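First the structure, in the form of structure tokens, and then the observations on it.
The values are calculated or read from the model by the stated rules, or taken from the named source; none is laboratory data. Keep in mind that this is a model prediction, so the values were computed, not measured. Cβ sites come from the backbone with ideal geometry, for glycine too, and all protein chains shown count toward neighbours.
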Amino acid sequence: MSIEPTSIEGSVTPPTLIDSENSGVGASSQTKGTTGKRKATQRSEVWSHFTKIINSEGASKAKCNYCQKEFCCDMKKNGTRSLKYHIGSCKKNPSNVVDNSQGQLVLPRKRFEGGEGNLSTWRFDQEACRKGLAQMIVIDELPFKFVESEGFKKFMFVASPRFHIPSRTTMTRDVYQLYLDERIKIKQLLRSSCSRVCLTTHTWTSLQRVNYLCITAHFIDNDWKFNKKILNFFPISSHKGESIGMVIEKCLLNWGIGKLFTVTVDNASSNDVAIGYLRKKFNPRGGLVQNGKYLHMRCMAHIVNFIVVEGLKEMNKSVEPRIQKFKECVVVEKIEWNSTYLMLDTAQNIERAFERFEEQDTNFRAELERGEGWPSVDDWDNVRNLRDFLEHFYEVILRISGTSYLKSNVDFSVMAIKMKEKYDKYWGDIDKMNLLMFVACILDPRQKLKYLEFALSEMSSSEKACEMMQKLKESLYELFDEYKPPLHTLYKKRELEICGEDKTSELDKYLAEANEEFVEDFEILLWWKVNSPRFPTLSKMARDVLAISVSTVASESAFSNGRRVLDQYRSSLTPKIVQALVRTQDWIRKSSSQEDIKKIE
């Protein structure tokens, strides 16, 4: 019975038997090859961790010196890649064995920041590294095949040689498991820290023209932190209002949400039907405030866009030819009026440059003279006037979500009339508006009723302002009564019968107190957190009202009425994986968990 000795210098493994079936305890001897050819030298470093053997079928195998696991190692077919991966992941490899009682002292930076960190212990954890890799794939919107890229493998070999890089298939499973784990956390958060939710809906589309409905919940938790969580992101085949209402209802039931405060949607007629469906379903269950009176919240960003676009129709004949002239500098979409404002803002700053062109560039001057000529003094006055006018709408859009020149005969009065007509359509009559927008102003300790009364008197006639204030006060007290505990209401009624007088309510006390100083960095949620013991009932109402989102779109999408489009990578995935990626990214991003109140004021 012959044996083959180990030819690796420094190997600690005993000689391996060629015939492993009938072997007992082998003795050391050397066997010459039957072919008489000299064996190839094993130069790879992996052979210090493996022993080459020949199994009963005559195939070459590499046996791990630590766990005794066998691998194919034919030099022409297999190579040593799989052996290298095994070295880093073998649990019996001494270099991989981690003493949980000891760790390496490190000084990590503050998370996601460049500041100083605290001294702490660290030890390698394969599972923690895989979870961190899954989070990176989700947050940075990387394809699953990224883990198999050559550059990433080289980096990980230098940064953490012990980390066994998973395949793209394993990475997909890890990402989906991360989604399931985070979903459990969000359910627990909603169950323990949320009384009512405010919803927003928005439509996405993929490159394959698959439409997705995004449903987002907004709420303030028990610690008075604002939360925005995507509840669902799924394909829809029908845009009928009742169908949309049904999918929203199903989504809320799956999450265990039974109480709604508002649903913010755009101005499509199908959304009116969807809101009616939700009101019909949730009102009998006691899930709405005042029978769903304030359930429907129109997206303010869409309304402002409609108002501005309506006014700019009068100047389109003047602007569009100029846009074609300068289209190589900037592309203007018809629905993105903010580009007009930005071009005008830029143009007024380079007025002198146009004058120099007129004086020195003969070709440029000849080109414009074939058209309508150079901008006149009146043209530049119109540029500045329109720029100042649009600036207010531009700032409003930025707050509620996250070079051309004009003819001298642009009629600004016609623009203003058309914009006023569109404004009156949505906000001209207080009966058409959702009064919770005004209630939110009242619950701002810097404003209250006094500031709102002043603002309405400036916007309307004194008679109309008084009428609006009366309706607002009635609605405010009705809403406050909705939040009073039933026992509290009975007690106050009995107290009134006995004493013959009604003591001042929390709302009366709040309104009677002096307003807080009007500073921009005022933290309204912190104020309510500190004062909630003084106003226990009113603070519950404030938690719901201040969580309302007045826009369905993010600031970067606020200037467009179009749908958002999934990128090429996500469009190629199945709807199930797309939903997991979008929702998980929203949940684990730093800004999604708890947003500063400055971003929502």
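Can you tell me which residues in the stretch 291-305 are within 26 Å of E474 (Cβ to Cβ) and in contact with a helix residue (DSSP H, G or I) (Cβ under 6 Å, 6 or more places away or on another chain)? The answer is G292, Y294, L295, H296, M300, I303. V550 - would you say it is touching a strand residue (DSSP E or B) at 6+ places or on another chain (Cβ under 9 Å), modelled with pLDDT of 90 or more and surrounded by 17 or more Cβ atoms within 10 Å (Cβ to Cβ)? Criteria not met by V550. Out of (1) closer than 30 Å to I230 by Cα; (2) out of contact with any Pro (no Cβ under 8 Å at 6 or more places or on another chain); (3) not in a loop (DSSP other than H, G, I, E, B), the odd one out for V550 is which? Against the list (1) closer than 30 Å to I230 by Cα; (2) out of contact with any Pro (no Cβ under 8 Å at 6 or more places or on another chain); (3) not in a loop (DSSP other than H, G, I, E, B), V550 comes up short only on (3). For the stretch 252-287, filtered to residues that are under 22 Å from K187 (Cβ atoms) and of a type in the set (A, V, I, L, M), the residue that is surrounded by the fewest Cβ atoms within 10 Å (Cβ to Cβ) is L253. Of the numbered criteria (1) in a helix (DSSP H, G or I); (2) over 23 Å from S532 (Cα atoms), the one N434 fails is (1).
The residues on offer are I588, I524, and the sole one that is buried (at least 17 other Cβ atoms within 10 Å of the Cβ), within 30 Å of R168 (Cβ to Cβ), modelled with pLDDT of 90 or more and of a type outside the set (G, A, S) is I588. You will find that of I230, I248, I215, the residue that is out of contact with any Pro (no Cβ under 7 Å at 6 or more places or on another chain) and not in a strand (DSSP E or B) is I248 and no other.
Residues in the stretch 457-481 that are of a type in the set (S, T, Y) and over 24 Å from T504 (Cβ atoms): 4 in all. Within the stretch 122-160, the set of residues being outside any helix (DSSP H, G or I) and surrounded by 12 or more Cβ atoms within 10 Å (Cβ to Cβ) comprises R123, F124, D125, E141, L142, P143, S149, S160.
Note on the stretch 179-219: residues that are surrounded by 18 or more Cβ atoms within 10 Å (Cβ to Cβ) and more than 17 Å from the chain's Cα centre (by Cα) total 5.
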